[in-house]
Amino acid sequence: MDCIHLKVRDSGAVRVKALYLAIGVNLDGIKEVLGLWMAQTEGAKFWLQVVTELKNRGVADIFIACVDGLKGFPDAIEAVFPKTAVQLCLVHMVRHSLNFVGWKQRKEVATDLRLIYSAATEDEALLRLTEFEGKWDSSFAPIGQSWRRNWTRLTPFFDYPADIRKVIYTTNAIESVNMSLRKITKTRGSFPTDEAVFKLFYLALNNISQKWTMPIRDWKAALNRFTIQFDERMPRV
């Protein structure tokens, strides 16, 4: 799940609204668009409606949900799909962390953060986080605090082999789609209605999804692991 912010006319005024896009990966490793939703504000009630809609439309189970820092969304997923492991997107987490850092120190801080999520085990990652805090807390204490606060949702990917972790801990699959969508809205000042937004994005996504004919990278290794780990939840052929 990721979002794009758009300007839309509403009740005589131009308002900034968020268009949320959900993409899933099926058991063949092929990406599928699960839905589009628009909201001016996000909250627990909104996310609960979104996740409940997905379930009602036929999403039977979610093994792992990779999300960015959308407030209330992880809780909604866990409420509707209690067996789902929620993984916060590490790319988004690093970007958020670097917002606290000046340009001169960004490269060094990013390198030290990489030591955390590239660790071989969760225990090693926790050690690297402690070292990061010892080095940077005097200047950027909110970074370490944020990683500690979100630790349980940042680390599910450590349960998997290194060669499939990137399948799990990043929303890159959806961000590449959003990049294509932003190109078609780049020259637009604002949309006249919500309906105009949905029409344009529906057509664009229909064209984009026609190119999704091959499994995502490293899918075979990931599926083999999922088949073992989620044996009782895997559909029987």
Give segment 71-103 a look and list any residue that's over 16 Å from V59 (Cβ atoms) and buried (at least 19 other Cβ atoms within 10 Å of the Cβ), or say none. P74, Q87, L88, C89, L90, M93, S97
T155 is checked against (1) free of Cβ contacts under 8 Å to residues at least 40 places away in the same chain; (2) farther than 21 Å from L70 by Cα; (3) within 24 Å of the chain's Cα centre (by Cα) and fails just one. What number does that condition carry? (2)
Segment 149-162: number of residues that are in a helix (DSSP H, G or I) and surrounded by 16 or more Cβ atoms within 10 Å (Cβ to Cβ): 5
Please tell me if R148 is outside the structural domain of G134 (by TED's automatic domain parsing), out of contact with any strand residue (DSSP E or B) (no Cβ under 8 Å at 6 or more places or on another chain), more than 21 Å from M1 (Cβ to Cβ) and not small (G, A, S). no
Answer residue from segment 163-191, given it is loosely packed, with under 11 Cβ neighbours inside 10 Å and farther than 22 Å from E32 by Cβ and is nearest to the chain's Cα centre (by Cα) among those: K186
Just to check your reading of the model, which residue among A44, A39 is free of Cβ contacts under 8 Å to residues at least 24 places away in the same chain, surrounded by fewer than 16 Cβ atoms within 10 Å (Cβ to Cβ) and assigned by TED's automatic domain parsing to the domain that holds T187? A39
Scanning segment 215-237 for residues that are in contact with a Phe, Trp or Tyr (Cβ under 9 Å, 6 or more places away or on another chain) and either exposed (fewer than 12 other Cβ atoms within 10 Å of the Cβ) or not aliphatic (A, V, I, L, M) (or both), which turns out nearest to D28 (Cα to Cα)? F226
Any chance V80 is over 22 Å from C3 (Cα atoms) and at pLDDT 95 or above: no
Which residues, counting only those in segment 1-59, are closer than 21 Å to K166 by Cα and acidic (D, E)? D2, D28, E32
Filter result for A173 (within 25 Å of K107 (Cα to Cα), modelled with pLDDT of 95 or more and hydrophobic (A, V, I, L, M, F, W, C)): no
Among the residues of segment 192-214, are any surrounded by 18 or more Cβ atoms within 10 Å (Cβ to Cβ) and under 23 Å from R9 (Cα atoms)? yes
Scan segment 113-144 for residues that are surrounded by 16 or more Cβ atoms within 10 Å (Cβ to Cβ) and charged (D, E, K, R) and jot them down. R128, E133
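The values are calculated or read from the model by the stated rules, or taken from the named source; none is laboratory data. Here the structure is a predicted model, which means the values were calculated and not measured. Here Cβ is always computed from backbone atoms with ideal geometry, including for glycine, and neighbour counts include all displayed protein chains.
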